[in-house]
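The values are calculated or read from the model by the stated rules, or taken from the named source; none is laboratory data. Keep in mind that what you see is a predicted model, and the values were worked out from it rather than measured. Neighbour counts run over all protein chains shown; Cβ positions are idealised from the backbone, glycine included.
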Amino acid sequence: MSAHTILIIFILFFILEFAFKAVLILLNIHESKKNRGSVPSWFKEYIDTSKYEKSTAYTIEKGFLTLLSDSVSSIVVLAVILTGSFGVLDEIIRRTSMHPYLVGITYFAVLSLFFYLVSIPFKIYSQFNLEDKYGFNRMTVKIFILDQLKGLGISAVVLIIVLGALFFFMDKSGRLWWIIASIGIIGFQVVINILYPLVVAPLFNKFSPLEEGELKKTLEQMAEKNDFSVKGIFVMDGSKRSAHSNAYFTGFGRVKRIVLFDTLIEKLTPSQLAGVLAHEIGHEKKHHLLKGLILSFFVTVFTFFILDRFMNYLPLYQAFGFHRASYHAILVIISFCTGPFTFFLTPLFTMWSRKHEYEADRYAVEVSGNKEDLKNGLIVLAKENLANLIPHPLYSFFFYSHPTLGERLKAIESIPPIEN
């Protein structure tokens, strides 16, 4: 297959992906507009009409911003490919006569910085206009700038380590490099999962043990009931950046922890927080993080296997503007150009994630012995975060990593009574 044919096929799939995503976003916006004045019957007792209309307006504005951001980034990616800029940048960096590994790392760094700069205006608008308009933004310009600099610094360290290791494996590991590299990548992910709560997260937020009081007592009882060390429960000062509320589970072994946003603690009662805590413990007990790593391993193996098959296929490089084969060039092609061909697999991964959420909800209900704490906690969170209560079914099917609130409440109600 010629380079010209490869490029035409890519452009067709690229346009198809963009058009399909745009249609999904527009369908979701239309769904919100259609339901703007009608609070779902199952939610009427929890939210007034004005609050509900505010949540639909928030959804609509976020949808249009996403559509604009996706449009700009897609145009930029297509322009870079069609103008041969990938290859031009490659030739410029090669003239420095650096070691090939450093050429590849520099190439990725420059390219990543370029696309970061393309995205930054949308991040600024989202944070200081959209989020501020709806009462969520609490971030100062100083914190925003520091966050961006810290993020760039961490990304640079990760980029150097991962790409350096990958180039080494590709260069020195023979024909089975793709298996060895996959094992190395997953090993690195495990290390990151261990180091993230200890080293990375504290660079951005302060994590404190629970304070003495009714809440700590309630959560201690729930943690002990589930054989989860209360030392692994932390409160994060999320309120210095946003009014959004959340909780998450992270880490392995002795560094595993559940993080509760301070905004979450402000909005939920101790019993509701216990329901949320039980849900997060459910993720740990059901080994969802480990299962995610296993899935990631097989996806990585398959990706590197495909990459290996095309490593020396010159027309592929030429289609994207490169003049010669190289390790960093094939990685760029895989990183930036496979999205249109794999986009339609997205529902498989979101379905997997939603399945885990249902499992964690069921675990929380079974160990607590009641449904109301978790249900009420989820309802308050949806209300305060201005969640989209009725997304378009096709949009949520493709993009939602969590079930909709209505789906979760229905699933919780269907759980059989717990016999003592």
> Does Thr5 count as over 30 Å from Arg408 (Cα atoms), surrounded by fewer than 14 Cβ atoms within 10 Å (Cβ to Cβ), at pLDDT below 95 and out of contact with any helix residue (DSSP H, G or I) (no Cβ under 6 Å at 6 or more places or on another chain)?
Replying inline: yes
>> Cβ-Cβ distance below 8 Å, separation of 6 or more or different chains: which pairs start in the stretch 91-102 with a residue that is touching a residue at least 24 places away in the same chain (Cβ under 8 Å) and closer than 19 Å to Leu166 by Cα and end on one that is of a type in the set (Ser, Thr, Tyr) and in a helix (DSSP H, G or I)?
In response: Pro100/Tyr327
>> Quick check on this structure: which one of His288, His328, His323 is in contact with a helix residue (DSSP H, G or I) (Cβ under 9 Å, 6 or more places away or on another chain), farther than 19 Å from Gly84 by Cα and touching a residue at least 40 places away in the same chain (Cβ under 8 Å)?
In response: His288
> Does the stretch 162-169 include one or more residues that are within 20 Å of the chain's Cα centre (by Cα) and not small (Gly, Ala, Ser)?
Replying inline: yes
> Any idea which residue in the stretch 70-89 is nearest to Phe167 (Cα to Cα), counting only those that are of a type in the set (S, T, N, Q) and surrounded by fewer than 15 Cβ atoms within 10 Å (Cβ to Cβ)?
Replying inline: Thr83
> Among (1) surrounded by 15 or more Cβ atoms within 10 Å (Cβ to Cβ); (2) under 21 Å from the mean Cα position of the chain (by Cα), which single condition is Pro121 missing?
Replying inline: (1)
>> Can you tell me which residue is surrounded by the fewest Cβ atoms within 10 Å (Cβ to Cβ) among those in the stretch 149-174 that are more than 19 Å from Phe115 (Cβ to Cβ) and either acidic (Asp, Glu) or in contact (Cβ under 8 Å) with a residue 24 or more places away in the chain (or both)?
In response: Asp171
> Within the set of pairs 6 or more residues apart or between chains, which connect a residue that is touching a residue at least 24 places away in the same chain (Cβ under 8 Å) and exposed (fewer than 14 other Cβ atoms within 10 Å of the Cβ) inside the stretch 134-148 to a residue that is assigned to a helix (DSSP H, G or I) and small (Gly, Ala, Ser) with Cβ atoms less than 8 Å apart?
Replying inline: none
> Looking only at the stretch 231-245, which residues are in contact (Cβ under 8 Å) with a residue 40 or more places away in the chain and in contact with a Leu (Cβ under 7 Å, 6 or more places away or on another chain)?
Replying inline: Ile233, Ser245
>> I'd like the residue in the stretch 90-118 that is exposed (fewer than 15 other Cβ atoms within 10 Å of the Cβ) and of a type in the set (Ser, Thr, Tyr) and, out of all such residues, is nearest to Asp147 (Cα to Cα).
In response: Tyr116
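Let's see how each residue does on (1) crowded, with 20+ Cβ neighbours inside 10 Å; (2) closer than 21 Å to Lys21 by Cα; (3) modelled with pLDDT of 90 or more:
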position: Ala329; (1), (2), (3): yes, no, yes
position: Ile334; (1), (2), (3): no, yes, no
position: Thr338; (1), (2), (3): no, yes, no
position: Phe344; (1), (2), (3): no, yes, no
position: Leu348; (1), (2), (3): no, yes, yes
position: Trp352; (1), (2), (3): no, yes, yes
position: Ala360; (1), (2), (3): yes, no, yes
position: Leu378; (1), (2), (3): yes, no, yes
>> Checking the conditions here, which among Phe398, Phe310, Phe320 is farther than 25 Å from His288 by Cα, aromatic (Phe, Trp, Tyr), modelled with pLDDT of 90 or more and surrounded by 14 or more Cβ atoms within 10 Å (Cβ to Cβ)?
In response: Phe320
> Is there any pair linking a residue in the stretch 43-69 that is crowded, with 17+ Cβ neighbours inside 10 Å to one that is among the polar types (S, T, N, Q), with Cβ under 6 Å and at least six apart or on different chains, and which?
Replying inline: Thr56/Ser32; Thr59/Ser32; Thr59/Asn388; Ile60/Ser32; Gly63/Asn28
> Across the stretch 82-96, which residue is farthest from the chain's Cα centre (by Cα) among those that are hydrophobic (A, V, I, L, M, F, W, C) and within 10 Å of His323 (Cα to Cα)?
Replying inline: Val88
> Which of the residues spanning the stretch 373-385 are hydrophobic (A, V, I, L, M, F, W, C) and more than 16 Å from Phe261 (Cβ to Cβ)?
Replying inline: Leu374, Ile379
>> So Trp352 passes all but one of these: (1) over 19 Å from the mean Cα position of the chain (by Cα); (2) without any contact (Cβ under 8 Å) to a residue 60 or more places away in the chain. Which condition number does it fail?
In response: (1)
